[in-house]
Every structure is written in structure tokens, then in C-alpha cells.
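A short write-up of the structure that comes next.
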Amino acid sequence: MRRQSYILLLAGLAGISACKPDADFRTPAANYTPERPAHFPPAHYTHDKNKYSQAGFELGRKLFFDPILSANNTISCGSCHKQEHAFADVNIRLSKGIDGKTGIRHTPAIFNMAWNTSFMWDGGVNQIEVMPLTPLTNKVEMAETISNIVYKLNRHKEYPTLFKNVFHRDSIDDQQMFWALAQYMSNLVSASSKYDDVYTGKTTYTKDQQDGYNLFKQNCSACHTEPLLTDYSFKNNGLDYQFTDSGRYRITRREEDWGAFKVPTLRNIAVTSPYMHDGRFTTLEQVLHHYADSVKQTPSLSPLLVKNGKPGLHLTADEQRKIILFLRTLTDTKFLTKAGLTE
Amino acid sequence: MKTTLSKYSLILAATAILGLDSCKRDKDPEPGPIVPVYGSVNGKINYVFGADMVPWQLNKLYVHPKTGDSLTFTNFRFFISNFKLKKADGTWWTQPESYYLIDAKTAAESSFSIPNVPEGEYTAVEYTMGIDSLHNVSGAQTGALTLSSGMFWDWNSGYIMLKAEGDSPNSSTGKFALHLGGFSGTNNIVTVRTAEFGKTVKVTNGTTPTMTFTVNPARLWHTSPGLATISVIHMPGAEAVTMAKDFYNNVTLSSVQ
């Protein structure tokens, strides 16, 4: 009984002390906002409820690289998403998850996620916080249940304190876990490639890179829109006559979405091979060859990939070479090697 | 002893509220707060089956009067949300964060409590079958809306607002699994309902009325074909809309006591 009154008294005091500006002892001192480059549009994810903090970012990072999140403690998010490949997977066409099980799609890069309007190749996931639900529970990825993860985290020797420092709740619940992962991913920002330096007037392209950039603007940027190098729309870019993966159609059931996938960013593209949702191409040369001459005409093909009445962008070998030279300026070595992003 | 202490606690709680309130002082200089008195209202789900409205429960065989299907439900869960209560003066009180996941498995999970209802007299209730669109796109949430309940589609974000699963010899697989959801455009199944009490119902610190809602799982097939035609629904779409609306629009407030 007496204890109850004490708690209430404490609550009263806490209420009062919360009013003191700036002197809040609970929030860590470091930067309060995730990186938001000046030459980018405003981010889509705004941390309205999930307040960003350095400690939250670090907690999310620890979770991202901790196999405790998988059913048999063998696979972490970082097993598939690797920093040196812009958090994509390398040399694996389709993702490999728990017990070596193969997924249905290629592991995409993860950066600038705070600007994404949807997630996954088909855009089926609508918010960065709920994104991890799929890999965590998918039978061929991490195959764990959310309640068991929460149970494991609460019994862990470090997590209860770490979570409390960030979220100030009595115990860990799934919302805090999703929030921490979102804080981490929200601060994986890639914006310091040569492309960015040119974009912000700090340097210039070589002659061939500049030609490539001009060709890119004519042929590619209607979908791979600057400066994020995607417009987040869903397009059929003509890979197949018949689709084993129906893509966006799976979500919308609209005929025009057959074989349409989310336009991926082309930032760091030189280090995220293999390419496309099923990792079918291993080199940028193959990709350019596809756009030049191998685009397949089907009813859902994007009209942007039809030129002079024929499918394809009809690029010469030299034009393809120059576009690739431009694409290589999109590699952000600082991001790929930045300290503090990988646990 | 007990009363003294709880009085004491009340004073302390008021201090807490005052403490918090003082943060806003410089912004809105209103006169000292009137501490309102609250009661609560309970809710209870009553399950019936078919036009005869026979009592319904899980793991028991029922024959559907229209489709003729034999149905043994093993799982029946749905969301009810956004409660509002109409005061005798015609204004509405809105419950904040009002989300309940009902599970037919137990009586406890088939009843709920609406706390912090201001004392007064009420004449009607408004509630929503399903989850409003905003909360389908708001990321990770707590309480009834937790992502750990299995009531959120991981590959196609949005709440499974109603889950009806079970066994039937009339389905080609011997099973049925109807996962109904959808919150936008023509796929929207979210249904707002209102019910008049037909009288004035008092809510005070000591008087807690109970609203009983009668739901009829047979209504899922009111205009939808039997399990030979549809035994699985796992995403939003026209089939889900028809089934959900037929069920939702039949939910009735059967008593308030």
C-alpha cells in the first residue's frame, strides 16, 4: 500500500521534472537527428513518434547484427545485408536464409530507406517500422516469432538496460524493437559519391562521365530520378515475356502491374551485383545490353522503354559504355567504409 | 485504512496531473483544472449462429443454413475499435487509442473494458468494425495493435481485421482460412456502426454498464458462395469486402445493462 503511494509520488515528481528544458538526464548528448543531406528532398519517415537518438541508432545496429533475432540464433539481418555492398548481398542471386534455405528474390541494398515510400521489390510493405516483420518471421529467412524474440530480448543480459536507456519503459515490447531497427536504418544515408559532389558543385565529371550523365538523363532518369536515383514507382522494365514473379500485381491485382517492380535506386550500383529482383544479371554491361536491345514487349511494359515504336532504348555500344562510366560515379566509398555502421 | 490510503493516492495522482499540466502553463493560461471523475463501460461479445441464432462456439460443428457447408471453427478473431459514446446532451465522448482484439477462444478475450469514461448519462454508442486506415499505415504499435498477434500481413502491410479458420469437409483441402482486411479504395472493409441505447445509461465511478454485442459468424456467407468456391482469402479484395460487410453490418448491440 505504502509503496503504491510512493510510486505515485514519484510519478508526480517525474511529471514536474519533465518540464525542465534541456536538463533531461535521460536523453544522450550526441546528435538528435539522423543524417539528412541538404541536397535531398525531405525524408518520408519523420520520427514523429519514434524519436531519434544516437543510443537508439546504436541499439538498432546491435539488433541488426545479432542472430538472436532468428529462430536458431544463426542468422542476423547483417547476414544478408552487408555494408561493403551497400547493405545488399553479393554474388548471390536469391537470398540465403536460415538453414541455407533460398528465398524468392535478390537481397536489395539498404540505405536512404527514410526516403522510401514503400518497401520490398513489390512495394508490399508500407512503413519502415514494420519492414523487419517479413524477414524475422519468414520461414526461409529468420523463421522466428515476434513474441519469442521479445521473450529472448527481455531475458538477455544487456538488452533490458539498453532498451530502457532509449525508450524508458519497464520491459521490452515489440514496438521498441521495431523502433530501434527503424532508427538504425533511418540513419544509413548514402549521399557522398562523386555524383553528389558534382551535384552540389564541388567537382566536375570527366568528359566521358559527363556524356554518360547526359545520356542517363535522356534515357533513364524518368524512372531512376535524381537525386535519389529512383522515383519509387512500379514499372515493368521489360525483362520477360512471361513472369514467374508477378511483382506489383501480387499486391494490387491490377493487370497493368504485371511484372512491375519498384524502381531501385542506382546509388552504389557498381557494388550491388547481381542485378534485378531475381539477380539475373551479374554485370552492368548485361544490364545496359538489356535496356539497349533486349526489352520485351508485353501489355504492361512501361511506354518509357519503347522508342521509335520498338521496345528498347537502342543505345550504341559507346553510349552504353559512357552510361556505365556515369553509373560508377554513384559509388559512395565513404558510406561503404564508414565506421560505426556495422557492429 | 484502505480508504485513507486511496484518498491519499488520489491526491498524489492529482499532483502528478498538476505537475504535468504545469508544463503547458505559459502557453495556455487557463484557470486551475477541474479534476473530472471517471467511470468505465464494459463490452461483451455474444456469439450466435444462423437465422435461428443458436449459441455458437469454437470447435463445434455447425451446418450453414444457406450454403449447407459443415463448419467447425478453430479460430475466430476480429478487431473492434474507435468507441464513441453519445452523451444525453447530444455531444460525443471519444475514447483515445480505442482498439480491441476479440478472440472467441475465451470469455475473457471476448469481453473488454472502456476505461476513463467521464461520469454522465449516455444514450448511444458508435464503434468501428476493423481498423481505421491511419492505423494500418502507422508502423509498429502496442496493445491490441501489436505486430506480434499474427493479425498483420507482413508481405502486404495492413491488419487482418477478421480471421476465421477451421475445418470443413466441403472445402477441397478440408480446411478454411478467411483472413479479411483492406483499408483503402474499393478494398476497404472498415465499417462504422452506431447503436442507440433506447434509454439513458448512467456511468459513474461505481456504476459500470455492460454493452453486449451479438455477432453471427454465419453471416460471413450471407451473400458469399460456400467453401467449394472460396475456402481461402489471404488478401484484400472484392471477396473480402463482401464477406466482411455481410458480417459487420449484422453486428448488433443486443443489450446495455
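Miscellaneous remarks
- Members of the range A:282-295 found to be open to solvent by 30 Å² or more (accessible area, probe 1.4 Å), more than 27 Å from residue A:82 (Cβ to Cβ) and either of a type in the set (Gly, Ala, Ser) or part of a loop (DSSP other than H, G, I, E, B) (or both), listed by number: A:294
- Residues satisfying the stated conditions in the range A:141-168, i.e. of a type in the set (A, V, I, L, M) and open to solvent by less than 40 Å² (accessible area, probe 1.4 Å): A:142, A:143, A:146, A:149, A:150, A:153, A:166
- Residue among A:217, A:157 that alone is free of Cβ contacts under 8 Å to residues at least 12 places away in the same chain and either touching a helix residue (DSSP H, G or I) at 6+ places or on another chain (Cβ under 9 Å) or outside the structural domain of residue A:319 (by TED's automatic domain parsing) (or both): A:157
- A residue that is part of a helix (DSSP H, G or I), touching a strand residue (DSSP E or B) at 6+ places or on another chain (Cβ under 8 Å) and in contact (Cβ under 8 Å) with a residue 24 or more places away in the chain cannot be found anywhere in the range B:160-173.
- Residue list for the range B:205-229, filter: modelled with pLDDT of 95 or more and of a type in the set (S, T, N, Q): B:208, B:210, B:212, B:214, B:216, B:223, B:224, B:229
- One residue stands out among those in the range A:38-85 that are within 14 Å of chain B (Cβ to nearest Cβ) and not in a loop (DSSP other than H, G, I, E, B): the one that is nearest to the chain's Cα centre (by Cα), which is A:60.
- Those helices (runs of 4 or more DSSP H) lying entirely in the range A:193-263 with at least 3 residues open to solvent by less than 30 Å² (accessible area, probe 1.4 Å): A:207-219
- One residue from B:245, B:199 being open to solvent by 10 Å² or more (accessible area, probe 1.4 Å), touching a residue at least 24 places away in the same chain (Cβ under 8 Å) and part of a helix (DSSP H, G or I): B:245
- Any hit, the range B:34-53, residues being among the polar types (S, T, N, Q) and at pLDDT below 50: no
- So residue B:17, is it open to solvent by 60 Å² or more (accessible area, probe 1.4 Å) and at pLDDT below 50: yes
- Residue within the range B:129-147 that is of a type in the set (A, V, I, L, M, F, W, C), closer than 18 Å to residue B:241 by Cβ, touching a residue at least 40 places away in the same chain (Cβ under 8 Å) and assigned to a strand (DSSP E or B) present: yes
- From the list A:117, A:134, the one residue that fits, being assigned by TED's automatic domain parsing to the domain that holds residue A:43, part of a loop (DSSP other than H, G, I, E, B) and polar (S, T, N, Q), is A:117.
- Of the residues making up the range B:106-137, those that are within 14 Å of chain A (Cβ to nearest Cβ) and either open to solvent by less than 20 Å² (accessible area, probe 1.4 Å) or modelled with pLDDT under 95 (or both) are B:131, B:136.
- Odd one out for residue A:114 among (1) more than 10 Å from chain B (Cβ to nearest Cβ); (2) more than 28 Å from residue A:94 (Cβ to Cβ): (2)
- Of all residues in the range A:169-191, at least one satisfies being of a type in the set (Gly, Ala, Ser), open to solvent by less than 10 Å² (accessible area, probe 1.4 Å), farther than 26 Å from residue A:316 by Cβ and more than 14 Å from chain B (Cβ to nearest Cβ).
- Selection status of residue A:279, farther than 19 Å from residue A:322 by Cα and either open to solvent by 20 Å² or more (accessible area, probe 1.4 Å) or free of Cβ contacts under 8 Å to residues at least 24 places away in the same chain (or both): no
- Residue A:299 passes every criterion in (1) in a helix (DSSP H, G or I); (2) surrounded by fewer than 18 Cβ atoms within 10 Å (Cβ to Cβ) apart from (1).
- Out of A:165, A:148, A:154, sole residue that is touching a Pro at 6+ places or on another chain (Cβ under 7 Å) and either under 20 Å from residue A:263 (Cα atoms) or not in a loop (DSSP other than H, G, I, E, B) (or both): A:154
- Boolean, residue A:137 is of a type in the set (Ser, Thr, Tyr) and at pLDDT below 95: yes
The values are calculated or read from the model by the stated rules, or taken from the named source; none is laboratory data. Computed from a predicted structure; not experimentally measured. Methodologically, a virtual Cβ is constructed for each residue, glycine included, from the backbone with ideal geometry; neighbour enumeration extends over all protein chains shown. Heads up: the accessible areas ignore ligands, DNA and RNA and are worked out on the full protein's heavy atoms, side chains in. Shrake-Rupley method; radii C 1.70, N 1.55, O 1.52, S 1.80 Å.
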